[in-house]
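The values are calculated or read from the model by the stated rules, or taken from the named source; none is laboratory data. As the structure is a prediction and not an experimental result, all values here were calculated from the model. Glycine also receives a Cβ, built like all others from the backbone with ideal geometry; neighbour counts cover every protein chain displayed. The accessibility values were calculated without ligands, DNA or RNA, using every heavy atom of the protein model including side chains. Shrake-Rupley method; radii C 1.70, N 1.55, O 1.52, S 1.80 Å.
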Amino acid sequence: MRKVVKFGGSSLASAEQFKKVGNIIRAEASRRFVVPSAPGKRRKNDTKVTDMLYACYGLAEEGKDFSHELRLIRERYQEIIDGLKLKLSLKEEFEKIESNFKAKAGKDYAASRGEYLNGILMADYLNFKFVDAAEVVFFKEDGRFDAERTNEVLGERLKNMPNAVIPGFYGANPDGSIRTFSRGGSDITGSIVAKAVHADVYENWTDVSGFLIADPGIIPNPEKIEMITYKELRELSYMGASVLHDESIFPVRSEGIPINIRNTNEPDNSGTWIVESTCQKSKFVITGIAGKKGFCSVNIEKDRMNSEIGFGRKVLQAFEDNGISFEHAPSGIDTMTVFVHQDEFMNKEQNVVSALHRLADPDMVDIEGDLALVAVVGRGMKSVRGTAARIFAALAHKNINIRMIDQGSSELNIIIGVRNEDFEEAIRAIYNMFVLVQL
């Protein structure tokens with residue numbers, strides 16, 4: 001058994017948390033490759049080290065004195081080192097960081113130092129080999145991740161190592177400069193390492209015991225999802241469920257490696273398993289509910305629209321020409337509705353309307369704002385009759401007006417549009433119908 005284990009910032013925020021992580025890693029010899037994030041918040045009003053680094057570099061970029069801010073960052077690491085009673089010194093590393101900040105090495109370099117330093121610290125604590133991600137994770141000239149080169153170099157580097165620590169979140173451009181993934185990108189690094197070493201399992205340790213069926217900020221103590229497929233996770237992540245960076249799925253998915261989301265503070269909890277496919281039925285008909293506020297709908301009407309070849313292309317071109325991506329585009333015989341993010345659309349709405357008239361010659365264009373989208377996701381929905389009817393009944397019972405319905409051909413999810421003010425109540429209604437009421 002060979003496992004890659006990634007630990008989030010809250011799992012590494014203090015010496016006490018480091019000790020928990022050390023116990024978890026030492027509990028199984030199969031946990032051979034470790035991917036750490038930068039230290040997160042120690043308490044509610046604390047600041048993440050990555051944010052401290054951004055602020056510190058911001059001063060350096062403006063030519064201002066940043067010595068105080070850098071000292072605070074150094075003290076954060078020293079506090080962990082002292083708490084673990086290590087003999088490690090990061091003095092030279094901080095001198096190098098100070099020099100590179102003065103030379104304006106870039107925001108990506110600044111942000112990456114949180115993971116880099118924590119990787120050195122973690123390797124010293126575990127007595128594992130440290131492998132700098134800049135030497136094994138690569139990006140192309142255009143900024144895209146170089147998956148082929150990374151997999152080859154990283155796999156070769158780790159092939160004969162019994163164990164190693166590889167910091168998350170960053171890699172190197174072709175010229176050797178540092179480049180980071182998007183925020184939360186340590187999840188992606190963990191997945192990349194898991195693929196490179198042909199891991200049996202990718203364990204992602206965080207501060208929650210897996211995925212929950214719904215947002216605990218809306219539903220008190222929602223049920224946990226025991227097992228979820230990659231496809232279901234993509235749908236829920238895209239619609240706001242944020243336990244795992246959604247881009248981290250792809251490297252392991254191509255190798256069929258399962259992901260296990262675990263809680264550092266509850267190591268005996270089995271967490272949530274993310275798999276390619278499974279014959280195991282969900283505990284409930286639905287797997288999860290997620291959603292987002294802040295959408296608007298652009299309704300286009302034109303008589304005999306369905307017989308006009310290229311009408312849909314012309315409509316979507318009006319959005320493309322204005323740099324706006326669309327979320328959903330349900331249509332009828334004489335109508336087509338395009339859902340877009342309201343904050344992207346507001347300043348360009350009249351340009352889009354003009355383009356629609358010029359390109360598609362509609363009879364009418366109507367815009368409605370302040371909408372929310374709710375996704376009900378579940379691999380079990382396609383085999384259970386009446387799922388959609390139960391969703392609509394739950395919403396009708398709460399007097400929630402449905403503004404849009406969209407269902408993919410895979411029958412994996414149903415997207416419902418409601419008013420922003422009905423968003424939380426809609427999620428509660430659907431949760432109660434499928435989880436609290438069992439047929």
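Debye-formula intensities of the range 152-214, expressed as log10 I(q)/I(0) at q = 0.13, 0.15, 0.26 Å⁻¹, are -0.45, -0.58, -1.26 (one equal scatterer per alpha-carbon, no solvent). When the solvent-accessible area of the range 90-232 is split by element, carbon and sulfur atoms take up 44 percent of it, the probe being 1.4 Å. Per-residue ellipticity at 222 nm computed for the chain from its helices equals -11000 deg cm²/dmol, with DSSP H segments shorter than 4 residues left out and the rest contributing -39,500 (n - 2.57).
Of the listed pairs Lys6/Lys129; Lys20/Lys41; Lys302/Lys398; Lys44/Lys283, which have alpha-carbon separations greater than 25 Å here?
Violating the 25 Å Cα-Cα cut-off are Lys302/Lys398; Lys44/Lys283.
Projecting the Cα positions of Leu356, Val418, Ala394 onto the charge dipole of the range 333-429 (unit charges on Cβ atoms of Lys, Arg, Asp and Glu, taken about the Cα centre) puts Ala394 furthest along the positive direction.
For Lys293, no lysines have a Cα falling under 17 Å of its own Cα, not counting residues fewer than eight places away in the same chain. For the range 1-79, the residue among Ile24, Val49, Ala13 whose Cα projects farthest onto the positive side of the dipole built from Cβ charges is Ile24. Cα gyration tensor of the range 105-191, axes a ≥ b ≥ c as square roots of the eigenvalues: rounded (a/c below 1.5), prolate (a/b > b/c) or oblate? Oblate is the answer for the range 105-191, as a/c is 1.5 or above yet b/c matches or exceeds a/b. Taken about its Cα centre, the range 45-185 carries a charge dipole of about 200 debye when Lys and Arg each add +1 at the Cβ and Asp and Glu each add -1 at the Cβ. Taking label points 7 Å from Cα along the Cα-to-Cβ direction, Ile333 and Asn432 give a separation of 3.8 nm. How many angstrom separate the Cα center of the range 137-165 from the Cα center of the range 354-372? When both Cα centres are located, 47 Å separates them.
DSSP finds beta bridges in the chain, and of those with both partners inside it, around 65 percent are antiparallel. Whole-percent P(r), the range 39-79, all Cα pairs, 10 Å bins from 0: 30, 54, 16, 0.
Estimated at 0.36 nm per residue, the fully extended path between Val384 and Lys348 surpasses their Cα-Cα distance by 8.7 nm. Considering every Cα-Cα pair within the range 209-311, what fraction, in whole percent, is farther apart than 23 Å? I get 40 percent for the Cα pairs in the range 209-311 exceeding 23 Å. Decide, for the range 218-265, between rounded, prolate and oblate: order the square roots of the alpha carbon gyration tensor eigenvalues as a ≥ b ≥ c, take rounded if a/c falls under 1.5, and otherwise choose prolate if a/b is larger than b/c, else oblate. It comes out prolate by the Cα gyration axes.
Using a Gaussian network model of the chain in which every pair of alpha carbons under 10 angstrom is joined by a spring, one finds that among Asp363, Asp132, Asp422 the greatest mean-square fluctuation is at Asp363. With the simple model of a label 7 Å out from the Cα in the direction of the Cβ, Asp363 to Ala393 spans 3.6 nm. Heavy atoms of the protein chains alone define the surface here; on that basis the chain has 47 Å² accessible area per residue at 1.4 Å probe size. For the chain, what does the alpha-carbon gyration tensor say about shape, rounded, prolate or oblate, given a ≥ b ≥ c as the root eigenvalues, a/c under 1.5 as rounded, and a/b over b/c as prolate? Prolate, since a/c reaches 1.5 and a/b exceeds b/c. Dipole magnitude for the chain: about 1520 debye, using +1 per Lys or Arg Cβ and -1 per Asp or Glu Cβ, origin at the Cα centre. Think of each Lys and Arg Cβ as +1 and each Asp and Glu Cβ as -1; about the Cα centre, that makes the dipole of the range 328-439 roughly 700 debye.
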